[in-house]
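All remarks here apply to the structure that follows.
The values are calculated or read from the model by the stated rules, or taken from the named source; none is laboratory data. Treat the numbers as computed from the prediction; the structure is a model and nothing was measured. No Cβ is skipped: glycine too gets one built from the backbone with ideal geometry, and neighbour counts run over all protein chains shown.
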Amino acid sequence: MYICLCNALTDRKLKQAAAATGSTRPGEIYAACGCRAQCGQCVQAVLDLLRDHANQVADQLQGAD
Ligand code: FES
């Protein structure tokens with residue numbers, strides 16, 4: 001699903017960038033994708049996606065114990 005229409009970024013690509021960089025900051029995620037926010041309409045959705053992704057990773061780590 002497209003999250004950022006200006007940069008054609010999908011949720012999958014954003015999650016891959018988050019996993020590769022370990023970042024939870026939108027600016028760093030856009031940079032990892034080779035772009036930056038343009039209109040800004042997607043920033044809250046990106047933040048929500050990054051928060052959910054971080055929670056999933058934390059849950060997986062807790063389950064690994
Ligand atoms: S929709 Fe992402 S910058 Fe415009």
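Some notes on this structure:
- Residues in the stretch 1-35 that are assigned to a loop (DSSP other than H, G, I, E, B) and modelled with pLDDT of 95 or more: M1, L5, C6, N7, A8, C33, G34, C35.
- Look at the stretch 25-40: where a residue is over 13 Å from C4 (Cα atoms) and a partner is small (G, A, S), sitting 6+ places away or on another chain with Cβ atoms under 7 Å, you get A32/A17; A32/A20.
- Residues in the stretch 11-45 that are in contact with a Phe, Trp or Tyr (Cβ under 8 Å, 6 or more places away or on another chain) and loosely packed, with under 14 Cβ neighbours inside 10 Å: R36 alone.
- Listed by first and then second residue, the pairs linking a residue in the stretch 42-57 that is modelled with pLDDT of 90 or more and in a helix (DSSP H, G or I) to a residue that is surrounded by 19 or more Cβ atoms within 10 Å (Cβ to Cβ) and of a type in the set (G, A, S), with Cβ atoms under 6 Å apart and 6 or more places separating them unless they lie on different chains, are L50/A18.
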